[in-house]
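I have placed the structure first, in the form of structure tokens, so that the comments after it can refer back to it.
Rule-based calculations on the coordinates, nothing more; no lab input. Given the structure is predicted, the values throughout are model-derived calculations rather than measurements. Counting neighbours? That spans all protein chains shown, and the Cβs are built from the backbone with ideal geometry, glycine included.
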Amino acid sequence: MPRANAEPTSLLFTTAEYESRLTAVRAQMQARGVDVLLVDQTEFLSYLTGFGPSETMHRACLVPLDAEPVMVLRAIDVAPFQEHTWLTRHVAFADWEDPVAVLADTLRRNGWAGARLGLDEDSYCMTVRRFRALQAALPDARFVDFSGVLDVLRARKSVTEIAYIRKAASIADLAMAEAIAVAGVGKSERDAAAAASHAFVRLGADTGRAGPITAGTGLGFLHGHLHSRAMSAGEILHLELIPTVNGYGARLMRPAAIGAPTDEQRHTAETLIRIQDAQFAAMRPGTRAREVDAIAREGILGAGLRDSYVNVTGYTLGHYPPSTPRTSDFTRVFLPTSDWVLETGMTFHMYVSAWGIAFSETILVTDHGAERLTQTARCLFVA
């Protein structure tokens with residue numbers, strides 16, 4: 001079973017928290033008739049084992065109902081696994097071995113070859129080829145869809161998870177101030193990005209990856225690329241900072257007018273802030289997400305700031321391992337069709353935009369409503 005000796009100092013959470021997560025997963029397994037759960041998506045591996053290696057070669061954790069989980073991974077990754085996990089059982093394979101074959105053999109040796117195997121059919125790690133190979137190697141196994149279960153279990157954050165997100169939010173605030181301070185006419189987007197990245201590393205973020213920082217006019221440049229050209233008066237510098245601490249991310253968007261802002265830019269910024277503040281006020285436990293979304297979506301369209309609003313107005317914030325292909329977590333999103341209910345402990349990136357001006361915050365849902373974890377002044381900055 002999991003470690004009986006003293007906990008390694010590198011654990012991000014207590015053994016008790018990991019055990020609580022495992023208990024919750026097993027309750028869902030039992031409800032769905034799953035004997036053994038195969039976990040291979042990086043976010044979920046980190047959540048259950050404490051270690052989320054890259055997807056260079058397939059790796060997975062086998063979680064039975066009544067025995068300790070077994071991690072199947074590259075031999076080269078065993079040392080970091082043991083440093084960061086609370087588990088003790090693992091099977092290592094050499095790089096010339098077939099990971100799926102080793103996985104199937106591990107199932108057979110543990111008496112699980114004919115088990116009901118839970119599988120996340122949404123996992124970006126379980127390719128069609130891998131699944132077919134696993135089916136062929138385990139003809140007596142029955143596969144049970146476990147999609148979406150771990151997403152929901154991770155939606156409400158623990159006290160420690162919130163502490164990591166809160167620290168990331170404070171880094172975002174400080175980095176935003178430093179990035180805006182170096183921006184201006186004749187400066188490039190890279191100047192602002194360099195300031196943000198330097199602040200991230202200095203202040204304790206996991207990496208120096210800043211996030212989307214780009215300048216332009218109109219609406220469509222917010223997901224643009226970083227440019228080296230000098231910025232001109234009249235442009236809006238869009239800054240979206242995405243620091244992570246122990247993998248847990250906070251996000252913050254602010255606009256900076258290059259040179260003196262126009263009356264229209266000021267009006268747009270003030271209107272967006274007013275509408276989004278009303279949205280935050282509605283973010284209480286028990287509120288349906290579509291009701292929260294409508295405040296921003298209908299408010300912005302009604303104010304004539306946009307002709308259409310096709311994107312979400314918010315999405316889940318949580319753990320972002322370096323190797324994930326998902327730059328945003330859409331486990332829970334705010335759309336007109338979102339019928340799920342807000343709960344205490346959920347964290348979100350809430351954002352609004354119009355005409356190249358965007359504001360966003362990292363929001364925690366508490367028993368008493370929304371708490372802004374990012375604290376940068378809500379205004380159109382001038383650089």
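Within the chain, what percent of beta bridges assigned by DSSP are antiparallel, to the nearest 5?
DSSP beta bridges in the chain are roughly 75 percent antiparallel.
If you run the Gaussian network model on the chain, springs between alpha carbon atoms under 10 Å, then out of 193, 104, 168 the most flexible one is 104.
Between 142, 332, 166, the residue with the greatest mean-square fluctuation in the GNM of the chain (Cα pairs under 10 Å linked by springs) is 142.
Counting other Cβ atoms within 10 Å of each Cβ, which trypsin sites (Lys or Arg not before Pro) in the stretch 235-279 have at most 14 and sit in a DSSP loop? Passing sites in the stretch 235-279 do not exist. For the options 58, 227, 84, a Gaussian network treatment of the chain with springs between C-alpha atoms closer than 10 Å singles out 227 as fluctuating the most.
Cβ-Cβ distance of residue 201 and residue 127, R₀ of 30 Å, FRET efficiency by 1/(1 + (r/R0)^6): the value works out to about 0.30. In a reduced charge model with +1 at each Lys and Arg Cβ and -1 at each Asp and Glu Cβ, the stretch 204-314 shows a dipole moment near 240 debye about its Cα centre.
How many percent of all Cα-Cα pairs in the stretch 159-382 sit more than 29 Å apart? When every Cα pair of the stretch 159-382 is considered, 22 percent fall beyond 29 Å. With the cut-off at 1.5 for a/c, could you classify the stretch 55-108 from its C-alpha gyration tensor as rounded, prolate or oblate? Oblate. For the chain, averaging the sequence separation of C-alpha pairs within contact (under 8 Å, six or more residues apart) and dividing by the residue count gives a relative contact order of 15 percent. Under the shape rule built on the C-alpha gyration tensor, where the axes satisfy a ≥ b ≥ c, the stretch 15-153 is rounded, since a/c falls short of 1.5.
Just to verify a number: FRET efficiency for residue 109 and residue 340, C-beta to C-beta distance, R0 = 56 Å, to 0.05?
0.85
Available extension along the chain between residue 229 and residue 287 is 16.4 nm, counting 0.36 nm per residue and deducting the alpha carbon span. Among 167, 187, the order by Cβ neighbours within 10 angstrom, fewest to most, reads 187, 167. Note on the chain: helix-only mean residue ellipticity at 222 nm, from DSSP H runs of 4+ residues weighted -39500 (n - 2.57) and normalised by residue number, equals -10500 deg cm²/dmol. Decide, for the chain, between rounded, prolate and oblate: order the square roots of the alpha carbon gyration tensor eigenvalues as a ≥ b ≥ c, take rounded if a/c falls under 1.5, and otherwise choose prolate if a/b is larger than b/c, else oblate. Prolate, because a/c is 1.5 or more and a/b exceeds b/c.
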